[in-house]
1. Which one of these is in the same structural domain as residue 194 (by TED's automatic domain parsing), among the hydroxyl-bearing types (Ser, Thr, Tyr) and surrounded by 14 or more Cβ atoms within 10 Å (Cβ to Cβ): 319, 277?
2. Which of the residues belonging to segment 71-85 are assigned to a helix (DSSP H, G or I) and out of contact with any Phe, Trp or Tyr (no Cβ under 7 Å at 6 or more places or on another chain)?
3. Sort out which residues of segment 112-125 are loosely packed, with under 15 Cβ neighbours inside 10 Å and either touching a Cys at 6+ places or on another chain (Cβ under 9 Å) or at pLDDT below 90 (or both), and write them in order of number.
4. Could you say which residue among 246, 311 is aliphatic (A, V, I, L, M), in contact with a Lys or Arg (Cβ under 7 Å, 6 or more places away or on another chain) and in contact (Cβ under 8 Å) with a residue 12 or more places away in the chain?
5. Please give the number of the condition residue 65 fails out of (1) buried (at least 16 other Cβ atoms within 10 Å of the Cβ); (2) at pLDDT below 90; (3) β-branched (Val, Ile, Thr).
6. Consider residue 139 carefully, then state whether it is at pLDDT below 90 and within 23 Å of the chain's Cα centre (by Cα).
7. Do you know which of the residues in segment 300-311 that are part of a loop (DSSP other than H, G, I, E, B) and among the charged types (D, E, K, R) is farthest from the chain's Cα centre (by Cα)?
8. From the list 88, 93, exactly one residue is assigned by TED's automatic domain parsing to the domain that holds residue 134, at pLDDT 85 or above and either out of contact with any Cys (no Cβ under 9 Å at 6 or more places or on another chain) or part of a helix (DSSP H, G or I) (or both). Which is it?
Amino acid sequence: MPRERKPENKGLPKRWRHTHGGYYYQVPPGEENSWDGKKTFRLGTKLSDAYAMWADRLKYVEDATNVAALLDRYALQVIPTKKLTTQAQNRSAIKKVRVVFGKMNLLGIKPRHVYQYIDKSDGKTGARREMEILSHALTKAVEWGYIDKHPFKGEVRLTGEKSRTRYIDDWEVVECLTLVPKRKSGGVLAVQAYIRLAILTGMRRGDLLRLTMSDLRDDGIHVTPGKTEARTGKRIIIGWSDEVHAAVAMAKQARPVKLSPFLFCNRLGKGYFNEGTGRAGGWESAWKSFANRVMAETKVSERFTEHDLRAKCASDADTLEHARQLLSHADGAITERVYRRKPELVRPLR
């Protein structure tokens, strides 16, 4: 009978273990040549790096007889096609799913198992996300020929999360823009310029922080939305207006390094967005500091997020179609349901 895995190794792929600050793979006998002649191969210190190294060495799992094997192939073939931030979330999710469902046969998962998993979870939102990953992996199992039918698709009905309803009023924007900066560049001035540009264009944070001076052209701001770049590569051009010109000018003036290629840059002139991790740590710190000052020094009493700025843009657009175009959505359904938050004015009958 095999020994039970240590707590730190539960949820990791077969033959993986976490020790001495890194992830290691116990090479199957006879396969050492594929792993630099080693019996134990060091994959990396971070989970994302370990999966990347593993994917380099293995093409994919030829035959998945249980959920753990299916998740291994999913991690190797499907997750790398997603956005960087989504990849990190997915890898964390499948580790938790593997602990509970790993040994189960692909067709052994029933709707009751999904309900039980969510009911017993401390974080309902996270549990739903984990079941979405499991469901998608099983959909891929059908595509890959492991099973003929998804075991619970269409049979599980989960109460969805309520869409966020926070709408930023105009006076709150004014309050934020009147906050007095402590420095002549960066910090408050950069965030204020960012707020103006985000509300006017509806651009996502990653796209705003990736903007370079070469993206600012005579006909407008050229943007390839990062969320759809890998799938469609479609580019949009946000036309100039007096207010957009003013917001961009403010962003340029707020830069601590005037010759930086980025519209929003740090003190070293580098962009905030890390293409390797999909995160923007320095910007997150600047935003948090700004938000704290807004709550302490202005009349704004409820925090808002960068995502809420995008929603304000969609809410203030004259038409749903205009809002859809600004947010670069394929159709208006998600724009209407999630982003159009401004209360609708309804005239009385008489």
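The values are calculated or read from the model by the stated rules, or taken from the named source; none is laboratory data. Quick caveat, the model's predicted, so the values are computed rather than measured. Don't worry about glycine lacking a Cβ; one is built from the backbone with ideal geometry, like all the others, and counts go over all protein chains shown.
1. Values: 319 fails: surrounded by 14 or more Cβ atoms within 10 Å (Cβ to Cβ).
Exactly one of 319, 277 is in the same structural domain as residue 194 (by TED's automatic domain parsing), among the hydroxyl-bearing types (Ser, Thr, Tyr) and surrounded by 14 or more Cβ atoms within 10 Å (Cβ to Cβ), namely 277.
2. Just the residues of segment 71-85 that are assigned to a helix (DSSP H, G or I), to begin with: 71-77, 79-81, 84-85.
Answer for segment 71-85, where residues must be assigned to a helix (DSSP H, G or I) and out of contact with any Phe, Trp or Tyr (no Cβ under 7 Å at 6 or more places or on another chain): 71, 72, 74, 79, 80, 81, 84, 85.
3. Taking segment 112-125 first, the residues loosely packed, with under 15 Cβ neighbours inside 10 Å are 112, 116, 119-120, 122-125.
Once the filter is applied, which keeps residues that are loosely packed, with under 15 Cβ neighbours inside 10 Å and either touching a Cys at 6+ places or on another chain (Cβ under 9 Å) or at pLDDT below 90 (or both), segment 112-125 yields 119, 120, 122, 123, 124, 125.
4. On the way: 246 fails: in contact with a Lys or Arg (Cβ under 7 Å, 6 or more places away or on another chain).
Answer to the check: 311.
5. Condition not satisfied by residue 65: (1).
6. Values: at pLDDT below 90: no; within 23 Å of the chain's Cα centre (by Cα): yes.
For residue 139, the condition - at pLDDT below 90 and within 23 Å of the chain's Cα centre (by Cα) - is not met.
7. Restricting attention to segment 300-311, the residues satisfying the condition of being part of a loop (DSSP other than H, G, I, E, B) are 300-305.
Then keep just the ones that are among the charged types (D, E, K, R); that gives 302-303.
Working: 302: 24, 303: 21 Å.
Taking the candidates together, the pick is 302.
8. Details: 88 fails: at pLDDT 85 or above.
Within the list 88, 93, the selection yields 93.
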